[in-house]
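S.K.: Quick one: the structure is below, and I'll ask about it shortly.
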Amino acid sequence: MGPQSKPDYAGLTFPPPPADRPYVLINMVVSADGKVALEGTERGLGSPTDQRLMRELRLHADVVLNGAGTLRASGASPRLQADDLEALRLTRGKAKAPLGAVLSRSGDLPLDRAFFRAPDFDAIVYLSDTAPVERRQAIAATGRTVQTVPAGEEVAAMLRHMRQELGAQLLLVEGGPSLNGELFRRRAVDELFLTVGPVIVGGEAGLTPVEGPRLSTLADPLRLTLVAATPNPATDEVYLHYRCGS
């Protein structure tokens, strides 16, 4: 691969976080027609190079967050799965992997997944206080930490807990689209990383990277600032990096 084939996400630096939440990155892969899933999963949209970039972003994160839908569809893990990145985290005084996190309103989660069973990383479940007690107990029985958050304010309470109770400085969000939409709605996204894969999904329906209520109007668009756009002729992907807000 040539010098323009892959950006250096491992070499990035980020500003300090605000007082009430971590500095928030979103990382997603999309098809050329803007869809985030092919037959129900993001697998098949990105190359091994895209996977490496995802892990380079995890290098910086204190917490890696997924929504419950992403966990159900594709699984969830904060692992770096690269010896060089793990070693670099250790030299920075961090654990080999970030803390894994999932946000769920219902507690309807696949408790047999590695997110709940793997011994090589820690994880926390943010669970709405409207979830049934038996589901809360079943999640806690896996050994993962359960943090209850108030209905309707789950995202704000989760971010506040991460920053003020866990001391998290940087949060990496890896989907899904509804969670991304809520974060954007709250203006709680600082940078967006988007890999565009050379695949057309088509169809009348299909999730995009951001779902939920409309966020922009002609008079008041939610605009991004392009930091970098790196083409990769070897994979036919383009890696986009945006900064959010003014």
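S.K.: Can you tell me, using C-alpha contacts under 8 Å and at least 6 residues apart, the relative contact order of the stretch 130-246 as a whole percent?
M.R.: After rounding, I find 23 percent.
S.K.: While we're looking at this one, here's another question. Roughly how much of residue 35 is accessible, in Å² to the nearest 10, using a 1.4 Å probe?
M.R.: My reading of the accessible area for residue 35 is about 30 Å².
S.K.: When only Cα pairs under 8 Å and 6 or more residues apart are kept, what is the percent relative contact order across the chain?
M.R.: Working: 482 pairs, mean separation 71.4, N = 246.
Averaging sequence separation for qualifying contacts and normalising by length gives 29 percent for the chain.
S.K.: Please quote Rg/Rh for the stretch 183-237 to two decimal places, taking the Kirkwood radius as Rh and restricting both calculations to Cα atoms.
M.R.: Numbers: Rg = 14.3 Å, Rh = 14.2 Å.
Result: Rg/Rh = 1.01.
S.K.: If you don't mind, another one. Compare the peptides 191-201, 227-237 by average per-residue count of other Cβ atoms within 10 angstrom and give them in order, highest first. Each step should come with its number before you reach the end.
M.R.: Details: 191-201: 19.5, 227-237: 15.5.
Per-residue mean Cβ counts within 10 Å order the peptides as 191-201, 227-237.
S.K.: What net charge is computed for the residues neighbouring residue 240, neighbours being all others with C-beta under 14 Å from the C-beta of residue 240, Lys and Arg scored +1, Asp and Glu -1? List each step's numbers first, then the result.
M.R.: Working: positive: 6, 243; negative: 50, 191, 237.
Surrounding charge for residue 240 is -1.
S.K.: Still on this model: Let me check I have the definition right: for the chain, take the eigenvalues of the Cα gyration tensor, multiply each by 5, take square roots. What are those semi-axes in whole Å, largest first? Don't skip to the answer; put the middle values down first.
M.R.: Numbers: eigenvalues 143, 92, 73 Å².
Square roots of five times the eigenvalues give 27, 21, 19 Å.
S.K.: Evaluate the stretch 147-246: find the radius of gyration of its Cα atoms, find its Kirkwood radius, and give the ratio Rg to Rh.
M.R.: Taking Rg over the Kirkwood Rh, I get 1.01.
The values are calculated or read from the model by the stated rules, or taken from the named source; none is laboratory data. Here the structure is a predicted model, which means the values were calculated and not measured. Cβ sites come from the backbone with ideal geometry, for glycine too, and all protein chains shown count toward neighbours. The accessibility values were calculated without ligands, DNA or RNA, using every heavy atom of the protein model including side chains. Shrake-Rupley method; radii C 1.70, N 1.55, O 1.52, S 1.80 Å.
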